[in-house]
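Asks: The structure follows.
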Amino acid sequence: MKTQVAIIGAGPSGLLLGQLLARQGIDNIIVERVTGEYVLGRIRAGVLEQGFVDLVREAGVSERMDREGEIHEGFELAFNNRRVRIDMKQLTGGDTVMVYGQTEITKDLMEARAAAGLQTIYQADNVTLHDVKSKTPSVTYEINGVKHHLECDYIAGCDGFHGVSRQTIPQDVRTEYERIYPFGWLGLLSDTPPVSKELIYCKHERGFALASLRSASRSRYYIQVPLSDKVEDWSDDDFWAEFKKRLPANTAKNLVTGPSIEKSIAPLRSFVCEPMQYGNLFLVGDAAHIVPPTGAKGLNLAASDVSALYKILTRVFKENDKSCIAQYSEIALRRVWHGERFSWWMTNMLHNFEGLSINGADDRTFEKFMASELDYYTGYEAGRRVIAQQYVGLPYEELE
Ligand code: RFL
Ligand code: PHB
């Protein structure tokens, strides 16, 4: 088999890239390790930046998102029983975000891909990348024990943090930057009306909590938990009781509880692999970088990578200009580091680090620094503007 671009992974990065390339007449095949149902079972992001929304529109897959997605003009930060609203729209001169689940985007992209007759190979075992530095890279994989060979011009590694693409880049060529946080997020999804129309990020002495949502009838809530906790340790009732304690009192009284549809624990990590390109292999999204979810940046950084690579590959195939390939890593990484810094900063400011030493400061001193940081950034309009500008997302860079 032969294609122009082999895409590894049918998560949002791979599917969005595939759709955009196909709209430009660039042939691509996606190779995915698990089933489509399994991909759709992962409950993850919910907040989309304008740049992401625009890219989904450009891919021609925005019909349901534009109908069902909710535009959010602000969100809240709660601490010491105070609530401060970050009025994104006013502070940025008109920018907003959209609340529409990653699962829904993924589903829309999968359906559009099937309708366009584009090929996705699911349940591919032992996916291996070959000769990525040569002009004739290829991918091999097994289906039911039978080996297949896919020849291509370029490979997009969209296979997430645990994928094979990053590992294909020799260790002496890549530099990895990592910080692992000493806690995780326990998330619960339920068909209950959200406790607030807008997201509330809560700093509390018992630990961080986030009230998010998917729609007017579906809530997504999170609490900070010790890394040693297992999801089996938390009954729904335990979750609701703890979550309620961490909400501001006037919000907690409106909380509607119900059975969970999904419950899982995610570890928190900052991670970047440099460079993001090696020969004719490009890393995209979680394959190259991870952020803690506190800034809602993971999927959005994946989208800016997709945008940069899409523009580059379009120029390569349509204008036969290969010189722009070398720009990918630099363009993508500049925006990635902004998102990494913002997510790290929000995580530090809003979580409870009691009993944990961090950045060389003992936990009490660190807590004081962060409390002051939060007080300053919420107490002054200049501070709120800094938060708003990065939450809605920095602009995408154009190619030279
Ligand atoms: P994905 O989604 O991990 O998809 C990678 C795909 O590659 C497949 N794969 C392989 N395929 C072939 N061969 C192999 N060897 C393979 N190994 C893996 C996998 O099966 C999978 O289908 O990466 P992608 O596409 O780059 O997308 C990234 C996003 O999923 C991620 O950044 C976000 O979910 C992060 N995130 C959030 N991002 C936001 O922008 N806003 C949010 O509000 C937000 N909330 C979150 C989040 C992530 C969370 N968790 C659980 C980590 C909330 C949570 C709780
Ligand atoms: C979510 O709704 O899943 C969500 C929202 C905002 C975040 C993280 C997760 O910062």
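The values are calculated or read from the model by the stated rules, or taken from the named source; none is laboratory data. Since the structure is predicted, the reported quantities are computational estimates derived from the model, not experimental observations. Because the Cβ atoms are built from the backbone with ideal geometry, glycine has one as well, and the counts that use them run over all protein chains shown. Please note that ligands, DNA and RNA were not included when accessible areas were found on the heavy atoms of the full protein model with its side chains. Shrake-Rupley method; radii C 1.70, N 1.55, O 1.52, S 1.80 Å.
Asks: Mind pulling the angle between the C-alpha long axis of helix 236-246 and the longest principal axis of the chain? Nearest 10 degrees, somewhere in 0 to 90.
Replies: Computed tilt is about 60 degrees.
Asks: Next question. For a test of the definition: using alpha carbon positions, the gyration tensor, and the 1.5 limit on a/c, classify the range 52-203 as rounded, prolate or oblate. If you can, show how the numbers build up before the last one.
Replies: On the way: a/c = 2.32, a/b = 1.72, b/c = 1.35.
The shape class here is prolate.
Asks: Given a 1.4 Å probe and heavy atoms of the protein chains only, how would you sort Arg206, Arg364, largest accessible area at the top? All intermediate terms of the calculation are to be shown ahead of the outcome.
Replies: Details: Arg206 115, Arg364 175 Å².
Sorted descending by solvent-accessible area, the residues read Arg364, Arg206.
Asks: Expressed as a whole percentage, what fraction of the accessible surface of the range 78-234 belongs to carbon and sulfur atoms when a 1.4 Å probe is rolled over the protein heavy atoms?
Replies: Values: 3400 of 7350 Å².
The nonpolar share, carbon plus sulfur, comes to 46 percent.
Asks: Which shape class, rounded, prolate or oblate, goes with the range 185-228 when its Cα gyration tensor gives a ≥ b ≥ c as root eigenvalues, a/c under 1.5 marks rounded, and past that a/b bigger than b/c marks prolate? Please list the in-between numbers first.
Replies: Values: a/c = 3.51, a/b = 1.70, b/c = 2.06.
It comes out oblate by the Cα gyration axes.
Asks: Still on this structure, I have one more. Could you state how much accessible area Trp185 has, in square angstrom rounded to the nearest 10, with a 1.4 Å probe and all protein chains kept in place?
Replies: Accessible surface of Trp185 is approximately 10 Å².
Asks: As an exercise, identify the GluC sites (Glu not before Pro) in the range 158-240 lying in DSSP coil whose Cβ has no more than 12 other Cβ atoms within 10 Å.
Replies: For GluC sites (Glu not before Pro) across the range 158-240 that sit outside H, G, I, E and B with at most 12 neighbouring Cβ atoms in 10 Å, the list reads Glu205.
Asks: Write down the Å³ per residue value for the convex hull defined by the alpha carbon atoms of the range 267-400. It would help to have the intermediate numbers written out before the result.
Replies: Values: hull volume 15.3 nm³, N = 134.
It comes to 114 Å³ per residue, whole-number rounded.
Asks: Based on the Kirkwood radius over alpha-carbon pairs, what is the Stokes-Einstein translational diffusion coefficient of the range 13-138 at 4 °C with 1.567 mPa s viscosity, in µm²/s?
Replies: Numbers: Rh = 17.0 Å.
Rounded to a whole number, D works out at 76 µm²/s.
Asks: May I pose another question? Calculate the radius of gyration of the Cα atoms of the range 31-97 to one decimal place, then report Dmax, the largest Cα-Cα distance, as a whole number, both in Å.
Replies: 16.3, 49
Asks: A follow-up question, please. Over the Cα atoms of the range 338-400, each weighted equally, I'd like the Debye log10 I(q)/I(0) at q = 0.17, 0.22, 0.27 Å⁻¹, rounded to two decimals.
Replies: Result of the Debye calculation: -0.66, -0.94, -1.16.
Asks: Treating the angle as unsigned and between 0 and 90°, give the value, to the nearest 10°, between the Cα long axis of helix 298-319 and the longest Cα principal axis of the chain.
Replies: Approximately 20 degrees, to the nearest 10.
Asks: Could you pull the accessible area for Arg67 with a 1.4 Å probe, rounded to 10 Å²?
Replies: Rounded to the nearest 10, the figure is 140 Å².
Asks: Now for a separate question. Go through the range 173-183 residue by residue and turn each phi into a ³J(HN,Hα) via Karplus (6.51, -1.76, 1.60, θ = phi - 60°); whole Hz please, and just put x for glycine and proline.
Replies: Taking θ as phi minus 60°, the curve returns 9, 9, 10, 10, 10, 8, 9, 9, 8, x, 7 Hz for the range 173-183.
Asks: Leaving out ligands and nucleic acids, and using a 1.4 Å probe, what accessible area per residue does the range 54-205 come to in Å²? Spell out each step's value before the answer.
Replies: Numbers: 7260 Å² over 152 residues.
Heavy-atom SASA per residue in the range 54-205 reads 48 Å².
Asks: Next question, about the same structure. Restricting to DSSP loop positions (anything but H, G, I, E, B) with no more than 14 other Cβ atoms inside 10 Å of their own Cβ, which trypsin sites (Lys or Arg not before Pro) remain in the range 162-197? Let's see the in-between values first.
Replies: Details: sites: Arg166, Arg174, Arg179, Lys197; in loops: Arg174, Lys197.
Listed in order of number, the matching sites are Lys197.
Asks: To the nearest 10 degrees, how steeply does helix 363-379 sit against the main Cα axis of the chain, on a 0 to 90 scale?
Replies: Here the helix axis deviates by roughly 90 degrees.
Asks: For the range 203-267, what does the alpha-carbon gyration tensor say about shape, rounded, prolate or oblate, given a ≥ b ≥ c as the root eigenvalues, a/c under 1.5 as rounded, and a/b over b/c as prolate?
Replies: Details: a/c = 1.66, a/b = 1.18, b/c = 1.41.
Because a/c hits 1.5 or more and a/b fails to exceed b/c, the range 203-267 counts as oblate.
Asks: With no solvent and one equal point scatterer per Cα, compute the Debye intensity ratio I(q)/I(0) for the range 270-312 at 0.19, 0.32 Å⁻¹ and report its log10, rounded to two decimals.
Replies: Treating every Cα as an identical point scatterer, log10 I(q)/I(0) equals -0.55, -1.19.
Asks: For the range 97-168, what ratio Rg/Rh do Cα atoms give with a Kirkwood hydrodynamic radius?
Replies: Working: Rg = 14.8 Å, Rh = 14.4 Å.
Rg/Rh for the range 97-168 comes to 1.03.
Asks: Sticking with this structure for a sec: Just to check, using Stokes-Einstein with a Kirkwood Rh over alpha carbon pairs, what's the diffusion coefficient of the chain at 10 °C and 1.306 mPa s in µm²/s?
Replies: On the way: Rh = 21.9 Å.
Rounded, D is 72 µm²/s.
Asks: Indicate, rounded to the nearest 5 percent, the antiparallel portion of the DSSP beta bridges found entirely in the chain.
Replies: Numbers: 56 of 73 bridges.
The antiparallel proportion sits near 75 percent.
Asks: Fully extended, how many nm does the chain gain between Glu397 and Asp362 (0.36 nm per residue separation, minus their Cα-Cα distance)? Can you show the working numbers first?
Replies: Working: separation 35, 0.36 × 35 = 12.60 nm, distance 3.92 nm.
Between Glu397 and Asp362, full extension yields 8.7 nm more.
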